[in-house]
Amino acid sequence: MTAPKKASTSPDTRPAPVISVIGTGYLGATHAAAMAEMGFDTIGVDVDPAKLAALSAGEVPFYEPGLPELITKHVATGKLRFTDSMADAVAAADVHFICVGTPQKAGSHAANLAYVESATRGVAEHLTHPGLIVGKSTVPVGTAERLRGIVREFTPSGIDAELIWNPEFLREGKAVADTLHPDRLVWGGASAAADAVIREVYAAPIAEGTPVVSTDLATAELVKVSANAFLATKISFINAISEMCAITGADVTTLADALGHDERIGRKFLNAGLGFGGGCLPKDIRALMHRAGELGAGRVVGLMQQVDEINMGQRERVIDMSIESLGGSVLNRRIAVIGAAFKPLTDDVRDSPALNVAAALHLRGAQVSLWDPEANDTARRSFPTLTYATSMTDAVEGADLVLVLTEWDEVVGADPAALGALVGRRSVIDARNCLPVANWVEAGWSVRSLGRPTPVTGAPVSVAAGAADALATAR
């Protein structure tokens, strides 16, 4: 590609490129705000007028710490604005980030690329001057090369356009910091001119020492899905080992700590528990499985199949433990569920193990009372038939069993004695291996974990109705 239209022969005097971000969902809204924070005039594009109005007012339709404040700041400074006009945004901008979703196709493990294809075509056909199109959406390997064909077909004659791929590596709950201060930057397929432009866009993190990997399109596409596949594999590995620990009496947490001291392994993502969920890891490993099958890479298919099966099996494991803890049936038993989000610091319940377990127990006849400090509303939209408590104490009151399914700080730091006075039966399943077990046992609770031994106690203590009522009245 050639330099953007406003560039001059002096790199020190030319204006900074204007940025457009196509798609203002989780990835796009975060990226647009971060680009503005880095000093670029940025335009977010979406087809949903209600979402655009909310974003313009600093209202983010999902929970992400720090993002509403960043959007509000730069809407006020004028660095960030939102529009539903692809034509206006593309005409004003020089670098166009594709940040639309690639959900799993219905009835298939394949990724739905319709939004990526539409966004790429929309940018290409509205170009009025040279532009760099930068894909950030997670796509199967080979997609970007095909999108280049769309760019060639729909870019107006005489206008220079180039498409490269620059995968995102955001963690929900830490997305703002991950965008402003990434642990690596990867892009693929860039010519010398495109490489210079994308380096200008990321000048701030590069100056901080962020490593840069400039590679080919296929490698850039595979980096993202491979990273998620590896993290998923670590989680399923330690969950498989936790089953052996449960059988033998070994402690999976201590085992993981010991493994983590080996610098070749590391401690992160070795927390045994209910397993992974959310909008990325499950769909990405399934899309990788599908694409590997298309390409004849059978070993990848087999490995990812096992990772997925182990992960889904953890949900059944917790359901079975719940049924066993209640004497073989959950019918008409009151179960308090703490957590609906797939992990803390988010309200994302997409493919959430916590919400899946809660719903499954509800369908088996349990009286489920669920509480999550951030995800009650998003969970209610997915499963409106569950009962949603207004607080953790409200959720546990009169419970025959408490399930800790998301490791929020509020439950990790909760007073087990105070909670114990509210429940009908002091029995808890710590499905995230996050509770200080000794404290809970000392408070009279029967604690079951996934691969962690529990100090021996008697049967779960039933709380006298009078004591529970007295404490409830005192609250």
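Is there a residue being of a type outside the set (D, E, K, R) and modelled with pLDDT of 90 or more anywhere in region 9-17?
So far as region 9-17 goes, yes, one or more of its residues are of a type outside the set (D, E, K, R) and modelled with pLDDT of 90 or more.
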Would you be able to say whether some residue in region 261-277 is at pLDDT 95 or above, out of contact with any Leu (no Cβ under 9 Å at 6 or more places or on another chain), buried (at least 16 other Cβ atoms within 10 Å of the Cβ) and basic (Lys, Arg)? no
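Table: residues versus (1) free of Cβ contacts under 8 Å to residues at least 60 places away in the same chain; (2) surrounded by fewer than 20 Cβ atoms within 10 Å (Cβ to Cβ); (3) not assigned by TED's automatic domain parsing to the domain that holds Ala272.
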residue: Ala161; (1), (2), (3): no, no, yes
residue: Arg171; (1), (2), (3): yes, yes, yes
residue: Asp178; (1), (2), (3): yes, yes, yes
residue: Leu185; (1), (2), (3): yes, yes, yes
residue: Ala190; (1), (2), (3): yes, no, yes
residue: Ile206; (1), (2), (3): yes, yes, yes
residue: Ala220; (1), (2), (3): no, no, yes
residue: Ala229; (1), (2), (3): no, no, no
residue: Ala240; (1), (2), (3): no, yes, no
How about region 17-69: which of its residues are closer than 26 Å to Ala207 by Cα, among the small types (Gly, Ala, Ser) and out of contact with any Lys or Arg (no Cβ under 6 Å at 6 or more places or on another chain)? Ser20, Gly28, Ala29, Ala32, Ala33, Ala34, Gly39, Gly44, Gly66
Taking region 417-436 and keeping only residues that are part of a helix (DSSP H, G or I) and crowded, with 22+ Cβ neighbours inside 10 Å, one is left with Leu419, Gly420
Given the condition under 27 Å from the mean Cα position of the chain (by Cα), without any contact (Cβ under 8 Å) to a residue 40 or more places away in the chain and more than 25 Å from Gly424 (Cα to Cα), answer yes or no: does some residue in region 270-286 qualify? yes
What residue, among those in region 373-395 that are farther than 21 Å from Arg333 by Cβ and among the charged types (D, E, K, R), is nearest to the chain's Cα centre (by Cα)? Glu374
In region 388-433, anything acidic (Asp, Glu) and either in contact with a strand residue (DSSP E or B) (Cβ under 6 Å, 6 or more places away or on another chain) or farther than 19 Å from Leu274 by Cα (or both) is listed as Asp394, Glu397, Asp400, Asp415, Asp430
Among the listed residues Lys73, Lys105, identify the single one that is under 20 Å from the mean Cα position of the chain (by Cα) and among the charged types (D, E, K, R). Lys105
If the requirement is being modelled with pLDDT of 95 or more, crowded, with 16+ Cβ neighbours inside 10 Å and either polar (S, T, N, Q) or in contact with a Pro (Cβ under 7 Å, 6 or more places away or on another chain) (or both), which of these qualifies: Val141, Val95? Val95
In this structure, is Ala459 crowded, with 17+ Cβ neighbours inside 10 Å and at pLDDT below 95? no
Please return the ranges of helices (runs of 4 or more DSSP H) entirely within region 41-155 where 2 or more residues are assigned by TED's automatic domain parsing to the domain that holds Leu170 and under 17 Å from Gly23 (Cα atoms). 49-56, 67-77, 86-92, 114-126
Does Thr72 count as at pLDDT 95 or above, surrounded by 15 or more Cβ atoms within 10 Å (Cβ to Cβ) and closer than 22 Å to Glu117 by Cα? no
Which ones in region 111-157 are among the small types (Gly, Ala, Ser), touching a strand residue (DSSP E or B) at 6+ places or on another chain (Cβ under 8 Å) and farther than 24 Å from Met289 by Cα? Ala119, Gly122, Ala124, Gly131
Here are some residues: Thr215, Thr253, Thr248. Which one is among the polar types (S, T, N, Q), on the phi < 0 side of the Ramachandran plot and under 25 Å from the mean Cα position of the chain (by Cα)? Thr253
Output for Cβ contacts, cut-off 7 Å, separation at least six or different chains, first residue farther than 17 Å from Ile241 by Cβ and among the basic types (Lys, Arg) in region 299-322, second modelled with pLDDT of 95 or more and not in a helix (DSSP H, G or I), reads Arg315/Leu274; Arg315/Gly275
Would you confirm, using the coordinates I've provided, whether Gly249 is surrounded by fewer than 20 Cβ atoms within 10 Å (Cβ to Cβ) and small (Gly, Ala, Ser)? yes
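Okay, residues lined up against (1) aliphatic (A, V, I, L, M); (2) at pLDDT below 95; (3) in contact with a strand residue (DSSP E or B) (Cβ under 6 Å, 6 or more places away or on another chain); (4) within 23 Å of Glu410 (Cα to Cα):
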residue	(1), (2), (3), (4)
Cys280	no, yes, no, no
Asn311	no, no, no, no
Val318	yes, no, no, yes
Ile338	yes, no, yes, yes
Leu345	yes, yes, no, yes
Leu363	yes, no, no, no
Yes or no: Glu410 in contact with a helix residue (DSSP H, G or I) (Cβ under 9 Å, 6 or more places away or on another chain), surrounded by fewer than 19 Cβ atoms within 10 Å (Cβ to Cβ) and within 21 Å of Asn376 (Cβ to Cβ)? yes
Ser352: among the hydroxyl-bearing types (Ser, Thr, Tyr) and within 24 Å of the chain's Cα centre (by Cα), yes or no? yes
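The values are calculated or read from the model by the stated rules, or taken from the named source; none is laboratory data. Every value quoted in this text rests on a predicted model; they were computed, and no experiment measured them. Neighbour counts are summed over all protein chains in view; Cβ atoms, including those assigned to glycine, are modelled from backbone coordinates with ideal geometry.
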